[in-house]
Amino acid sequence: MNMEFKCKLPIPKEIKERFPLSAESAKIKAKRDAELKEIFEGKVRKLVLIIGPCSADHEKSVLDYVSRLVRVQEKVKDKIFIVPRIYTNKPRTTGDGYKGMLHQPDPNGQSDLIGGIVAIRSLHMKAINETGFTCADEMLYPANYRYLYDLLSYVAVGARSSENQEHRLTSSGLDIPVGMKNPTSGDLSVMMNSITAGQHAHDFIYRGWEVHSKGNPLTHAILRGYVNENGQAFPNYHYEDLSRLCELYSKKNLVNPAVIVDTNHSNSAKKYEEQPRIAKEVLHSCRHSSDIDRLVKGLMIESYIENGCQRVDGSIYGKSITDPCIGWKETERLIYELADLY
């Protein structure tokens, strides 16, 4: 085997005992989870905004960003439910270079997985304690979910992971909404199979245990666009795409039909400044079809303090070191506009 076993990592129970969630914060999470569940079940009509940096890079600037959302959330609370993106596992597409906070708590430092595990739990805990937000993270490594399961209110499974059996089965054992992105090929049948697997019960191996999952009825779709065989980006957020997804859901024996539309990635061809336009078009489609309106539960938006992106060793505070994001001024304006349109 061509790998070096460097050290034994602490198990999730040990990390949670070292960094326990307070009873007050646990109540905050329970309340937010209950409201989010009602939105996905169609009992409450609010627009879910999963919004924040492409990758959580520096604790200070991420918490600064999340704290700015507090005032905005209060003003739009009757229309919008904000779930900040704190994506702590986010690597670059090829796996080379920066691999996210879990691997590199210091983006310019060496790999430090023990330090990274502590850093990502600390960041999510501070978000709850300091802002009252429970957040979203991407499940890049299913076995690592246990380090954060008592802190998160939303989980996304990426386009390159949604075909993976371990991601599907682990999702079936979660009790919060799990979004399955369509694969980069754009094959929606793959995404629908992932949702089906996530909603059903399974027996499987997880962290060295034989486990039984009960199925997660909050497993749903995320449309993020796709690329063709020539690497060209194509969107799948238009009215016709959403209508097609309604049809696919109607043919499946699934509960809580739902979709979150990712306004960046292939939907914007990574032209981050297009995100506000795309978000508004999705709401326009909702106004013209009651079926689409019931299906669309929210939007996923990549946003940070400053517009664009920079190199990993860049010095601009609050500017993404992975995919480009819209800045805070544009973000604040967009949220208020979406509340007026919804």
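The values are calculated or read from the model by the stated rules, or taken from the named source; none is laboratory data. These figures come from a predicted structure and were not determined experimentally. For neighbour counting, all protein chains shown are included, and Cβ atoms are generated from backbone atoms with ideal geometry for every residue, glycine included.
Any residue at all in the stretch 76-86 that's at pLDDT 95 or above and under 22 Å from Arg18 (Cα atoms)? Within the stretch 76-86, one or more residues are at pLDDT 95 or above and under 22 Å from Arg18 (Cα atoms).
Out of Leu9, Leu63, one residue alone is in contact (Cβ under 8 Å) with a residue 12 or more places away in the chain, more than 21 Å from the chain's Cα centre (by Cα) and closer than 27 Å to Val312 by Cβ. It is Leu9.
Filtering the stretch 12-52 to residues that are surrounded by fewer than 14 Cβ atoms within 10 Å (Cβ to Cβ), within 21 Å of the chain's Cα centre (by Cα) and either within 17 Å of Met125 (Cα to Cα) or among the hydrophobic types (A, V, I, L, M, F, W, C) (or both) leaves Ala30, Lys31, Ala34, Val44.
Scoring Ser162 on the criteria (1) surrounded by fewer than 24 Cβ atoms within 10 Å (Cβ to Cβ); (2) in a loop (DSSP other than H, G, I, E, B); (3) free of Cβ contacts under 8 Å to residues at least 40 places away in the same chain; (4) of a type outside the set (D, E, K, R) leaves a single failure, condition (1). Taking every residue in the stretch 117-139 that is over 17 Å from Pro10 (Cβ atoms) and in contact (Cβ under 8 Å) with a residue 40 or more places away in the chain and pairing it with any residue that is basic (Lys, Arg) and part of a strand (DSSP E or B), at least 6 positions away or on another chain, the pairs with Cβ-Cβ distances below 9 Å are Cys135/Arg85; Ala136/Arg85; Asp137/Arg85; Glu138/Arg85. Applying the criterion of being in contact with a Lys or Arg (Cβ under 9 Å, 6 or more places away or on another chain) and either assigned to a loop (DSSP other than H, G, I, E, B) or polar (S, T, N, Q) (or both) to the residues of the stretch 181-198, the residue that is nearest to Leu223 (Cα to Cα) is Asn182.
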